[in-house]
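Below is one structure, written out as structure tokens, with a few remarks after it.
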Protein chains: 2
Amino acid sequence: MLLKRLLFKSLGEKEAMRVLLIICDGMADRPVDRKTPLQRARKPTMDAIAEDSICGISDPIGVGIVPGSDTAHLALFGYDPYKYYHGRGVFEALGAGIKLYEGDVAIRCNFATAEAGTSITDRRAGRIESADAEALAAAIKQIKIRDVDFFFNHTVGHRGVLVIRGAAISPRISDTDPHQPTGAVAPLMKSRPLDATEAARRTADALNDWTRKVNEILKVHPVNKKRKQAKKQQANIILCRGASPPPVGIPKFEEKYGLSAACVAGGMLYKGVAKYVGMDVIPVKGATATPDTNLQAKVSATLDALKKYDFVFLHIKGCDMVSHDGDAAAKVKFIERIDKALKPLLGLKDTLIILTSDHTTAVSLKAHSADPVSIAIMGDGVRVDRVSKFDEVSCAEGGLQKINHLDILPIVLGLLGKAPMFGT
Amino acid sequence: MLLKRLLFKSLGEKEAMRVLLIICDGMADRPVDRKTPLQRARKPTMDAIAEDSICGISDPIGVGIVPGSDTAHLALFGYDPYKYYHGRGVFEALGAGIKLYEGDVAIRCNFATAEAGTSITDRRAGRIESADAEALAAAIKQIKIRDVDFFFNHTVGHRGVLVIRGAAISPRISDTDPHQPTGAVAPLMKSRPLDATEAARRTADALNDWTRKVNEILKVHPVNKKRKQAKKQQANIILCRGASPPPVGIPKFEEKYGLSAACVAGGMLYKGVAKYVGMDVIPVKGATATPDTNLQAKVSATLDALKKYDFVFLHIKGCDMVSHDGDAAAKVKFIERIDKALKPLLGLKDTLIILTSDHTTAVSLKAHSADPVSIAIMGDGVRVDRVSKFDEVSCAEGGLQKINHLDILPIVLGLLGKAPMFGT
């Protein structure tokens, strides 16, 4: 088989084709006043891609399942999340370059605002600036609860990663994050063991104690006094979610598909999922995973990466953030910014371009929703259909019809002439 | 059940409806210069069928799986290939009318061209003529390697069937055929045991020795000397693929569906799959499974068969062959020939016509591809949609949407009023 691949390579045919997967996080939406943000935006680049593509809609996980960003990305890479997903923490840790050891528990964290230590009024502490978060993080860097060590790492903005280390601890514990939408108030959740083991009970108890201790430290921290004076949200608690074990026996993307792969992303989670499946992560200056990210720098890093890698994953976060904030106008504007930034990609030769979203983030819900997302696949061999607009409604009339995110990589391999054969 | 069938028969209703399944092998394709051969061809008959049909696209096996002709046909007949497929050889043997005994191993063979006995430069020996192949076959008809007997049977053109017979042999051996596309060079593969049994090891070893012996005999054969003088490719080796056991407990088509069934085909494989599921095979003079086949004779045999059988499978091979040779113009021309030949079928009454392909054979790849194929179903009770062209892009807009080949027979049974009921 290897010999055959080398042989085909020597023919210099399909092997030269590169793949670019563009994920605009949470770009798909529901209509507000009869139009989705994609339908409302002026987006000549995306429409040009749709025009030259086979289009469709794709269920990230399945009908009626609201995808997480992590599970949706595993599916986009062709990894069944029901098999390969063991919690978000590990992706955040990998994305932040944190080394994990066997037995560790990795947890995704938010700086948040709590009233009286228990009522969460803002899950992101007013989207706290990185500098403030960094200063606060220094005060809670390493805390020991009984015989369990808690290592806290700030990453970007309100985000952080907690690593719990100790004898006989377990990732089978529930979140302390109440996950309410922006603007809503919810009680801090108590972490509970998710199985009957002593290790899970000990870990949940220690995490609850750690959370109280962190609140005691942060609420009197000078940074929060300064924030109060500046009428900014207090960052006086840490919310935890997605406790997970270090990566276990995940097949590498390159071994699975025979494609060397790289990731261009700002957000820790996306870099983390990419590392989880064995992609290289390209560092990009100014890629912040916020709407003020340097899109030009990311596109330019993508163009460079396409010279070296068979498969490049470009992740753009902004749409998801403004959707979680319920800001439809900002979403339309950010889609238009993405569209301008993507223009240089239209000139690419010998490249299969897949344009889609990981999931729908509905501005009206300020949350992810279960709706399928629009998708376009452009490149050599594609059966171009009549769809000429890249939006959720137009793409539903396309030749791909409805697929699942798990179908995307198999379709790509088929177009590259690398799909497996069954029969003769 | 029988009583009910007789009763319906006496009402003279649905029982009178016949089914004609037309498979244009490898007709579906990808665009070359923005159009697929089906989109380019003038094909008023197929378009008239699409116009009066419910259309759609169908995945032969599944998304991203490249179908073999054998697995695709099992699926077309409603037999899950993952359950009923045990290698191609048995279909070729059955198709050629070769009797198999328990313990035999049946293998599909190609006359091919080898340089220095090991480098395969043409997998089909320049598509050797049947007369030459027949003469060469006589020299290798029966060869004994240690205590294992090898019976070689030439069938049509470059094709043949090998039956291995002996105590304790096994079909669990890999191919010697390197399966490279036309124009590429690849090394002869060594057959390897596919499981740890002594029988598989012995069989693979014996097959490798047989292949060497055959090469020694064929390379000095007068037919090859003549071919050299005529500047034709040497047919100096036999490539093997699809080692398989004799048929095992396959439910008969008529028992499974209550439909008597017949096959009109030129190619051994297709006759073989039909026999495998218990269809009668109608002999047709001039049906060669090549582009010079007598299509009129096949259509006329089909019309006759429809008078005697409930279900007739008409197989037309030519498109697949010219696609494997990468000849887009010949493909368009052959589609137009098929279209003319099918015209008499438009007049059929009380007949459900299904027009589709077993799989896509991409001219650009000179190989099968994983893409879905276009399908049209015409006849009484069908919800006719707005599609009026029978091609891959138009049919994707049809009312069937995307189905799987395994859905076709259940849909047919439904239209015949023979589908099973669940609930009351």
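Taking amide H atoms as placed 1.01 Å from N in the peptide plane, the amide H of residue B:122 lies under 5 Å from those of B:113, each 5 or more residues away in sequence or on another chain. Placing +1 on the Cβ of every Lys and Arg and -1 on the Cβ of every Asp and Glu, with nothing else charged, gives the protein assembly as shown a dipole about its Cα centre of roughly 980 debye. Computed from phi, the 3J(HN,Hα) profile of the range A:184-194 under the Karplus parametrisation 6.51, -1.76, 1.60 (θ = phi - 60°) reads 8, 10, 8, x, 4, 8, 8, 5, 10, x, 9 Hz, with x in place of Gly and Pro. Counting Cβ atoms of other protein chains within 10 Å of each residue's Cβ and taking the mean over peptide A:406-412 gives 3.
Under the definition of partner shielding as Cβ atoms of other protein chains within 10 Å of a residue Cβ, what is the mean value for peptide B:32-38?
On the way: counts 1, 0, 2, 1, 1, 0, 0.
The per-residue average across the peptide is 1.
Taking θ as phi - 60° and the Karplus parameters 6.51, -1.76 and 1.60, the scalar couplings of the range A:114-123 work out to 10, 9, 6, x, 9, 10, 8, 9, 8, 5 Hz in sequence order, x denoting glycine and proline. Lacking any other cysteine beta-carbon closer than 4.7 Å, the following Cys residues of chain A have no compatible partner: A:24, A:109, A:240, A:263, A:319. Surface listing: A:30, B:42, A:227 arranged by accessible area from highest to lowest gives B:42, A:30, A:227, probe 1.4 Å.
Considering only Cα-Cα distances, which of the following residue pairs are longer than 27 Å: A:389/B:402; A:317/B:35; B:340/B:389; B:349/B:418? Don't skip to the end; give the middle numbers.
Details: A:389/B:402 22 Å; A:317/B:35 37 Å; B:340/B:389 16 Å; B:349/B:418 19 Å.
A:317/B:35, as the Cα separations exceed 27 Å there.
For residue A:173, nonlocal amide neighbours, meaning residues 5 or more places apart or on other chains whose placed amide H falls under 5 Å from its own, are A:194. Per-residue Karplus couplings for the range B:331-346, computed as 6.51 cos²θ - 1.76 cosθ + 1.60 with θ equal to phi - 60°, are listed in order as 5, 4, 5, 5, 4, 5, 5, 4, 4, 4, 5, 7, 3, x, 6, 4 Hz, Gly and Pro entered as x. Residue A:321 contributes an accessible area of around 20 Å² to the protein surface, as traced by a 1.4 Å probe with all chains present.
Between the C-alpha center of the range B:231-310 and that of the range A:105-161 there is a gap of 70 Å. Taking every DSSP beta bridge that has both ends in the range B:252-383, the antiparallel portion is near 55%.
Evaluate peptide B:184-194: per residue, the Cβ atoms of other protein chains within 10 Å of its Cβ; return the mean as an integer. Mind showing how you got there, number by number?
Details: counts 6, 3, 4, 3, 0, 2, 0, 0, 0, 0, 0.
Averaged over the peptide's residues, the number is 2.
With its label point defined 7 Å out from Cα along the Cα-to-Cβ axis, residue B:252 lies at 5.5 nm from the matching points of the other copies, in increasing order.
Annotation: amide H of residue A:403 within the under-5 Å range of A:57, A:58, A:59, sequence separation 5 or more or interchain, hydrogens built in the peptide plane.
The alpha-carbon positions of the protein assembly as shown define a convex hull whose volume is 191 Å³ per residue. With label points set 7 Å from Cα along Cα→Cβ, the inter-copy distances at residue B:187 are 7.0 nm, sorted shortest first. In loop segments of the range B:68-111 as defined by DSSP, the chymotrypsin sites (Phe, Trp or Tyr not before Pro) with at most 15 further C-beta atoms inside 10 Å of their C-beta are B:101.
So if we plug the beta-carbon distance of residue A:119 and residue A:196 into 1/(1 + (r/R0)^6) with R0 = 35 Å, what FRET efficiency do we get, rounded to 0.05? In this case the efficiency is close to 0.70.
The distance linking the range A:316-387 with the range B:361-424 is 31 Å (Cα centroid to Cα centroid, whole angstrom).
The values are calculated or read from the model by the stated rules, or taken from the named source; none is laboratory data. In this text, all values refer to a predicted model and were calculated from it rather than measured experimentally. When we count neighbours, we look across all protein chains shown, and the Cβ atoms used for this are built from the backbone with ideal geometry, even at glycine. These accessible areas exclude ligands, DNA and RNA; they are computed on the full protein's heavy atoms, side chains included. Shrake-Rupley method; radii C 1.70, N 1.55, O 1.52, S 1.80 Å.
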